[in-house]
Amino acid sequence: MKKQAFNPYLPSYEYVPDGEPYVFGDRLYVFGSHDAFSGEGFCINNYVCWSASVDDLGGWRYEGVIYDRMQDPLNKKGNQFMNAPDVCRGADGRYYLYYQLHLDKGVSVAVADEPQGPYEFYGHVKHADGKRYGYRKKDAYAFDPAVFADEDGRVYLYTGFSPDKGGFRFILKLRGGEIDGGYVVELEQDMLTVKGKQYETVPGPIKAAGTPYEGHGFFEASSMRKINRKYYFVYSSILSHELCYAVSDSPVGPFTYGGTLISIGDIGLDGVTEANARNFTGNTHGGMVNINGQWYIFYHRQTNQQKCARQGCAEPLVIDSDGQIAQAEMTSCGLNGGPLEGKGTYEARIACNLWGAKGTFAYVELHHKETEYPYFTQSGGDREENPDQYIANMRDGAVAGFKYFDFKETETVSVRIRGTGTGEIDVFTDLDQKPAARIPVHASESWNDFSAGISVGQGVYPLYFKYTGDGSIDFDRFRLR
């Protein structure tokens with residue numbers, strides 16, 4: 001039976017950010033880096049793969065660990081982590097996985113006979129003279145490699161990392177390499193050897209000044225797709241919380257700035273600014289994919305009061321007749337093909353909007369222990385023995401928003417909560433209007449259900465749950481009947 005699809009789209013215990021989605025055959029595969037719940041850094045786990053039927057995007061299958069970082073001869077001790085990868089199918093029918101070890105300046109490659117692997121080490125991207133790409137003076141700093149195989153069989157490698165200021169930029173300058181934008185090189189058919197010159201894709205934040213890219217210059221997270229004979233380069237801008245795109249008639253450019261595809265705070269959408277962001281922000285990374293004629297953008301969000309416990313989400317895109325793409329809104333139902341049913345039980349973890357009485361902030365430090373803000377978390381563990389993700393620490397004025405539901409005959413709403421708080425949860429379809437339901441709640445050490453009648457007309461609406469009261473509550477799930 002086909003399942004409803006939610007955001008995040010993988011199980012609550014899984015942390016696969018930087019998602020690069022591809023349809024191979026009749027299945028959608030997502031390749032990404034691999035964070036850990038309560039991890040002490042980015043990408044500390046080995047690569048895994050998840051897949052779903054293109055006709056059932058709510059039914060995901062775990063394909064297992066597809067590549068171990070210790071397979072790379074540069075990492076025999078396993079002390080280097082693997083940053084965001086990408087995959088393409090070569091002319092020989094095999095699948096090539098491109099990645100960077102986090103202390104390396106170059107790009108490594110693994111290969112498999114099937115998209116879900118297992119992958120085996122294949123080699124390092126190099127110049128024709130054998131010197132590794134990334135180690136010549138003018139080579140790009142080969143961060144977040146992306147690979148693209150065009151319809152004519154030619155293969156292109158996209159890389160780059162471009163901070164705007166600070167000590168990190170200074171250190172990268174000392175290490176050598178171009179760090180003022182994104183870059184691309186063509187590869188030979190061996191999938192390893194650089195062919196020809198290096199081209200700039202999108203300028204970094206310093207070079208972007210005075211151009212259409214100003215304020216949205218290249219930071220990281222290269223990704224390439226082809227739509228209607230045009231080349232769409234996706235990247236994370238210097239704002240970090242957004243994915244932008246640029247368009248060209250050639251895979252090597254020149255590229256023209258297109259706009260923002262997604263912001264994990266909905267910043268830039270409908271007048272939303274950083275001051276009233278709809279969610280806590282941090283970095284994001286992802287790519288586009290066409291599934292049954294519909295294009296989607298994949299991205300990730302932060303959880304667990306830290307910057308590196310990230311989970312993948314996806315949203316449909318609207319592309320007009322001129323090839324322009326409108327900014328997508330964060331929702332709880334991105335891959336569902338429409339709104340969620342207005343009846344049933346829903347986990348609070350699928351909230352697409354979350355803020356406290358003082359708004360939100362950006363996750364830039366490893367851990368954030370601010371006591372006034374709500375956040376997504378779980379009891380502990382990284383695997384399926386602890387699938388209990390919930391929203392913690394909702395205090396007076398905190399809001400959790402869910403979009404969207406198709407209401408027909410919904411009469412009651414209940415919430416499962418625990419905590420020290422006593423007060424009420426108002427349920428809105430519009431925060432500027434009267435609540436559709438008011439649920440009195442009281443303090444409880446264990447999970448308890450509280451309910452009330454709800455007045456919602458037929459139609460498609462969001463739901464916002466706002467807590468008013470003392471203490472704090474944890475929000476596990478809600479039920480519509």
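The values are calculated or read from the model by the stated rules, or taken from the named source; none is laboratory data. The model shown is predicted, which means the values in this text are computed figures rather than measured ones. Reconstructed Cβ throughout: ideal geometry from the backbone, glycine too, with neighbour counts over all protein chains shown. Heavy atoms of the whole protein, side chains included, go into the accessibility calculation; ligands, DNA and RNA do not. Shrake-Rupley method; radii C 1.70, N 1.55, O 1.52, S 1.80 Å.
Of all residues in region 305-352, those satisfying the criterion of being within 19 Å of LYS2 (Cα to Cα), open to solvent by 10 Å² or more (accessible area, probe 1.4 Å) and not in a strand (DSSP E or B) are CYS333, ASN336, GLY337, GLY338, PRO339, LYS343. The residues in region 373-411 that are at pLDDT 95 or above, in a loop (DSSP other than H, G, I, E, B) and acidic (Asp, Glu) can be counted, and the count is 2. Is it the case that PHE148 is of a type in the set (A, V, I, L, M, F, W, C), surrounded by 15 or more Cβ atoms within 10 Å (Cβ to Cβ) and assigned to a strand (DSSP E or B)? Against the criterion (of a type in the set (A, V, I, L, M, F, W, C), surrounded by 15 or more Cβ atoms within 10 Å (Cβ to Cβ) and assigned to a strand (DSSP E or B)), PHE148 qualifies. In a residue-by-residue description of region 300-321, the property of being under 16 Å from HIS241 (Cβ atoms), under 19 Å from the mean Cα position of the chain (by Cα) and hydroxyl-bearing (Ser, Thr, Tyr) applies to at least one position.
The C-beta contact set for region 354-373 (first residue over 13 Å from GLN305 (Cα atoms), second residue open to solvent by 30 Å² or more (accessible area, probe 1.4 Å) and of a type in the set (A, V, I, L, M, F, W, C), distance under 8 angstrom, 6+ apart or interchain) comprises GLY359/ALA275. The set of residues from region 268-311 being β-branched (Val, Ile, Thr) and out of contact with any Lys or Arg (no Cβ under 8 Å at 6 or more places or on another chain) comprises THR273, THR281, ILE291, ILE297.
One residue stands out among those in region 151-162 that are assigned to a loop (DSSP other than H, G, I, E, B) and not hydrophobic (A, V, I, L, M, F, W, C): the one that is surrounded by the most Cβ atoms within 10 Å (Cβ to Cβ), which is SER162. Among residues of region 220-232 that are more than 16 Å from PRO254 (Cα to Cα), those with a Cβ under 8 angstrom from a residue that is open to solvent by 20 Å² or more (accessible area, probe 1.4 Å) and assigned to a strand (DSSP E or B), sequence gap 6+ or separate chain, pair up as ILE227/ASN290; ILE227/TRP295; ILE227/ILE319. A count restricted to region 421-457 and to residues that are outside any strand (DSSP E or B), touching a residue at least 40 places away in the same chain (Cβ under 8 Å), touching an Asp or Glu at 6+ places or on another chain (Cβ under 8 Å) and open to solvent by 20 Å² or more (accessible area, probe 1.4 Å) stands at 1.
With the condition kept exactly as written, say whether any residue in region 278-285 is under 30 Å from GLY453 (Cα atoms) and either in contact with a strand residue (DSSP E or B) (Cβ under 7 Å, 6 or more places away or on another chain) or among the charged types (D, E, K, R) (or both).
Going residue by residue through region 278-285, those that are under 30 Å from GLY453 (Cα atoms) are 278-279.
In the following step, the residues that additionally are either in contact with a strand residue (DSSP E or B) (Cβ under 7 Å, 6 or more places away or on another chain) or among the charged types (D, E, K, R) (or both) were identified as 278-279.
Yes, region 278-285 has at least one match.
Residue by residue, here is whether (1) in a strand (DSSP E or B); (2) open to solvent by less than 70 Å² (accessible area, probe 1.4 Å); (3) hydrophobic (A, V, I, L, M, F, W, C); (4) modelled with pLDDT of 95 or more holds:
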position: LYS165; (1), (2), (3), (4): no, no, no, no
position: PHE170; (1), (2), (3), (4): no, no, yes, no
position: LYS173; (1), (2), (3), (4): no, no, no, no
position: LYS195; (1), (2), (3), (4): yes, no, no, yes
position: TYR199; (1), (2), (3), (4): yes, no, no, yes
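Residues in region 201-230 that are among the basic types (Lys, Arg) and either in a strand (DSSP E or B) or crowded, with 19+ Cβ neighbours inside 10 Å (or both): how many?
So the first thing to find is which residues in region 201-230 are among the basic types (Lys, Arg), and the list is 207, 225-226, 229-230.
Remaining after also requiring either in a strand (DSSP E or B) or crowded, with 19+ Cβ neighbours inside 10 Å (or both): 225-226, 230.
Final tally of qualifying residues: 3.
Checking region 282-291 against the condition returns a match, with at least one residue being within 28 Å of ALA146 (Cα to Cα) and either surrounded by fewer than 18 Cβ atoms within 10 Å (Cβ to Cβ) or free of Cβ contacts under 8 Å to residues at least 24 places away in the same chain (or both).
Got at least one residue in region 178-192 being under 21 Å from GLN80 (Cα atoms), open to solvent by less than 10 Å² (accessible area, probe 1.4 Å), of a type in the set (Gly, Ala, Ser) and without any contact (Cβ under 8 Å) to a residue 60 or more places away in the chain? The answer is no; no qualifying residue exists.
Could you grab me the full set of residues in region 239-263 that are under 15 Å from HIS216 (Cβ atoms) and either among the polar types (S, T, N, Q) or not in a strand (DSSP E or B) (or both)? First the steps, then the outcome.
Keep residues of region 239-263 that are under 15 Å from HIS216 (Cβ atoms), which gives 239-247, 255-263.
Passing the criteria: LEU239, SER240, HIS241, PHE255, THR256, THR260, SER263.
Taken together, the criteria exclude ASN283 from residues that are assigned to a strand (DSSP E or B) and over 18 Å from GLY58 (Cβ atoms). Remark: pairs (first residue in region 196-215, within 15 Å of LEU239 (Cα to Cα); second residue open to solvent by less than 20 Å² (accessible area, probe 1.4 Å) and of a type in the set (Val, Ile, Thr); Cβ separation under 9 Å; 6+ apart in sequence or on different chains) = GLY204/ILE179; ALA208/VAL202; TYR213/VAL202.
Yes or no: ASP270 of a type outside the set (A, V, I, L, M, F, W, C) and open to solvent by 10 Å² or more (accessible area, probe 1.4 Å)?
Working: of a type outside the set (A, V, I, L, M, F, W, C): yes; open to solvent by 10 Å² or more (accessible area, probe 1.4 Å): yes.
Yes.
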